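The values are calculated or read from the model by the stated rules, or taken from the named source; none is laboratory data. Computed from a prediction, not measured in an experiment: that's the story for all the values here. Cβ coordinates were reconstructed from backbone atoms using ideal geometry, including for glycine residues, and neighbour counts include every protein chain displayed.
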Amino acid sequence: MKFAIITHVVHKQKGNQYFGYAPYVREMNIWFKYTDEVIVVAPLENKDITAIDLDYNHKRIDFRVIPNFNFIGLKNIFLAVLKLPEIFLKIFWAMKNADHIHLRCPGNVGLIGCLVQVLFPNKIKTAKYAGNWDPKSKQPWSYRLQKYILNNTFLTRNMQVLVYGEWENQSKNIKPFFTATYSGLEKETIKKKGFDSGTHFVFVGSLVLGKNPLYAVKLIEKLIRKGNNVTLELYGEGSERENLENYIQENLLEKYVVLKGNQNQDVIKQTCKNSHFVILPSKSEGWPKAIAEGMFWGCVPVATKVSCVPFMLDYGKRGVLLDMDLKKDEQKIKVILSDCNSFFSKSKSASDWSQKYTTDVFEAEIKKLLVK
């Protein structure tokens, strides 16, 4: 089978190897097990390989470079219009050459892919919508357009769209799905320590406004000011790093809040094992891997009520759903900090739930989509 991926993920090249954001590539390598040849249509940049990059594991990869683009600001819109003919053509020919078309959405490249795939109604297609599929959520027009096209069985045929969560009034194209990081062999019986030597929180994600890392820092600060022995480690990089550094320094939080930068999967895994809570006050998510991974290792999740997160946290029974109000959220966490039995119960419940979603189960579901 010749498998074509249309994706916005920016790649890097080293020799004959192509690298991308590790969680995405790790997932695609599972898909690749059931393909003979892979066409990748994506942007490529000339930058060094970092700890969060991983290479594709396939012997026959046909990488077709398209320029990166966005529609933010008049200048970028003008440049995007100039680039669109080349992007359309490369996506068109990749789809024409492929036996199976796979779109990665949402994103600017995914939007173009959604439009071009209409021209191939008889080809077998899948799309992974990694964002928030909630029809009631406020989203950019480009995201709403992608969702409309993918959900429309007249425009989009022979397509299975993998979305996070179960939503009412969806077409036959839509298939509730999940994602996974760890295998069944990695399962462990998790035994967390109590709070006697301190309570440890971990944030894993890009340090950008959308992930709200500053809110996580402020919540920890509020707990500290109320006499709680808590610490926070933040893993990731992004445009908010300087603001976070300044806030930590100005509020004398260096002993309690530490920015760890980008780290590999092994470091994140060990950190989650040693932490009590995983926190993600994000504005928008699909299936937040950081939360699912923390839960796998017994961390009690603290996250916003977006997308399928309430389902993941069993509507608060195995975690804390944030109101994005510092006073209210501090009180919710203090209830758990004052009752170790409550913490241990939520920790076990979180681990038991997350360990159902292993890469073995994930691969079995992917195989069903590809092998007929």
Pairs with Cβ under 7 Å, 6+ apart, first in segment 55-67 and on the phi < 0 side of the Ramachandran plot, second modelled with pLDDT under 95 and charged (D, E, K, R): PRO67/LYS83
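Can you pull out the residues in segment 25-36 that are out of contact with any helix residue (DSSP H, G or I) (no Cβ under 9 Å at 6 or more places or on another chain) and surrounded by 17 or more Cβ atoms within 10 Å (Cβ to Cβ)? Show your work before the answer.
Looking only at segment 25-36, we keep the residues that are out of contact with any helix residue (DSSP H, G or I) (no Cβ under 9 Å at 6 or more places or on another chain), and these are 25, 28-29, 32, 36.
Within segment 25-36, VAL25, MET28, PHE32 meet the criteria.
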Extreme residue, modelled with the highest pLDDT, among residues of segment 50-76 that are under 15 Å from LYS90 (Cα atoms) and part of a loop (DSSP other than H, G, I, E, B): ILE66
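Looking at segment 77-84, can you tell me whether even one residue there is in contact (Cβ under 8 Å) with a residue 60 or more places away in the chain and either hydrophobic (A, V, I, L, M, F, W, C) or touching a helix residue (DSSP H, G or I) at 6+ places or on another chain (Cβ under 8 Å) (or both)? Talk me through it step by step, then tell me what you get.
Taking segment 77-84 and keeping what is in contact (Cβ under 8 Å) with a residue 60 or more places away in the chain, we get none.
Scanning segment 77-84 turns up no residue that is in contact (Cβ under 8 Å) with a residue 60 or more places away in the chain and either hydrophobic (A, V, I, L, M, F, W, C) or touching a helix residue (DSSP H, G or I) at 6+ places or on another chain (Cβ under 8 Å) (or both).
What are the residues in segment 93-106 that are buried (at least 16 other Cβ atoms within 10 Å of the Cβ) and hydrophobic (A, V, I, L, M, F, W, C), if any? Break it down stepwise before answering.
From segment 93-106, those buried (at least 16 other Cβ atoms within 10 Å of the Cβ) are 94-95, 98, 100-106; that's our starting set.
Scanning segment 93-106 gives ALA94, MET95, ALA98, ILE101, LEU103, CYS105.
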Residue identified as hydroxyl-bearing (Ser, Thr, Tyr) and touching a helix residue (DSSP H, G or I) at 6+ places or on another chain (Cβ under 6 Å) among THR199, THR181, THR231, THR189: THR181
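Results for (1) under 22 Å from LYS305 (Cα atoms); (2) in contact (Cβ under 8 Å) with a residue 24 or more places away in the chain, shown as yes or no for each residue.
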site: LYS332; (1), (2): yes, no
site: LEU337; (1), (2): yes, yes
site: ASN341; (1), (2): no, no
site: LYS346; (1), (2): yes, yes
site: TYR357; (1), (2): yes, yes
site: ASP360; (1), (2): no, yes
site: GLU363; (1), (2): no, yes
site: LEU369; (1), (2): no, yes
Residue among LYS372, LYS356 that alone is over 11 Å from ARG318 (Cα atoms) and at pLDDT below 95: LYS372
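Can you say whether VAL202 is at pLDDT 95 or above and under 20 Å from LYS289 (Cβ atoms), as far as the supplied structure shows? Give the derivation first.
Numbers: at pLDDT 95 or above: yes; under 20 Å from LYS289 (Cβ atoms): yes.
Judged against the criteria, VAL202 is a match.
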Scan of segment 301-339 for residues that are over 22 Å from LYS136 (Cβ atoms), surrounded by fewer than 15 Cβ atoms within 10 Å (Cβ to Cβ) and not basic (Lys, Arg), ordered by number: GLN331, VAL335, SER338, ASP339
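So which residues in segment 37-49 are outside any strand (DSSP E or B) and closer than 16 Å to TYR24 by Cα? Full working, then the answer.
Of segment 37-49, the ones outside any strand (DSSP E or B) are 43, 45-49.
If the condition is that a residue be outside any strand (DSSP E or B) and closer than 16 Å to TYR24 by Cα, then PRO43, ILE49 are the ones that fit.
Taking GLN139 as the residue in question, decide whether it is surrounded by fewer than 21 Cβ atoms within 10 Å (Cβ to Cβ) and either in the same structural domain as ILE30 (by TED's automatic domain parsing) or touching a Ser or Thr at 6+ places or on another chain (Cβ under 6 Å) (or both).
Numbers: surrounded by fewer than 21 Cβ atoms within 10 Å (Cβ to Cβ): yes; either in the same structural domain as ILE30 (by TED's automatic domain parsing) or touching a Ser or Thr at 6+ places or on another chain (Cβ under 6 Å) (or both): yes.
Judged against the criteria, GLN139 is a match.
Going through PHE71, PHE88 one at a time, which residue ends up being at negative phi and over 23 Å from the mean Cα position of the chain (by Cα)? Lay out the reasoning, then the answer.
Numbers: PHE71 fails: over 23 Å from the mean Cα position of the chain (by Cα).
Just one listed residue meets the conditions, PHE88.
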Only one of ILE49, ILE87, ILE91, ILE72 that is aliphatic (A, V, I, L, M) and over 28 Å from TRP141 (Cα atoms): ILE49
Residues within segment 9-30 that are touching a Leu at 6+ places or on another chain (Cβ under 9 Å) and either more than 20 Å from GLU363 (Cα to Cα) or free of Cβ contacts under 8 Å to residues at least 60 places away in the same chain (or both), tallied: 10
